[in-house]
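The values are calculated or read from the model by the stated rules, or taken from the named source; none is laboratory data. If you're wondering where the values come from, they're calculated on a predicted model, not measured in any experiment. With ideal geometry, Cβ positions are generated from the backbone for all residues, glycine too; neighbour counts draw on all protein chains shown.
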Amino acid sequence: MKINTETKLTNLEGEPIKDGSVDATVGKVIRNALLGNDQSDNADKKLKKYKLAMDCLATEVDLKAENVSLIKKCVGENYPPLIVGKVFEIIDPE
């Protein structure tokens, strides 16, 4: 599935969610979630997450099903319900 990583996240009222002084984007949330430190990850898994985070620096990224699952796991573990819901709607709309 192709996603635009620069898609801005909005709250339930449709207003932009802020990340400091800038609007939060799906790409930044994904990158931050993937790069979070999970002590149970071995070096290979950490490298996979790093490479996927680097891919998400592009404006558009084509995510394989296995990568969507990994992103959902990482976002779900690192963010509150609003961010989780918004990101999941974008990367896995079905």
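Can you tell me which residue is nearest to Ile17 (Cα to Cα) among those in the range 28-68 that are surrounded by 13 or more Cβ atoms within 10 Å (Cβ to Cβ) and small (Gly, Ala, Ser)? By that ranking, first place goes to Ala33. Here is a list: Lys8, Lys18. Which entry is of a type outside the set (A, V, I, L, M) and either touching a strand residue (DSSP E or B) at 6+ places or on another chain (Cβ under 7 Å) or exposed (fewer than 11 other Cβ atoms within 10 Å of the Cβ) (or both)? Exactly one of Lys8, Lys18 is of a type outside the set (A, V, I, L, M) and either touching a strand residue (DSSP E or B) at 6+ places or on another chain (Cβ under 7 Å) or exposed (fewer than 11 other Cβ atoms within 10 Å of the Cβ) (or both), namely Lys8.
Of the residues in the range 1-40, how many are modelled with pLDDT of 95 or more and acidic (Asp, Glu)? So the answer is 4. Screening Glu15, Glu60 for residues that are closer than 25 Å to Glu94 by Cβ and not basic (Lys, Arg) leaves exactly one candidate, Glu60.
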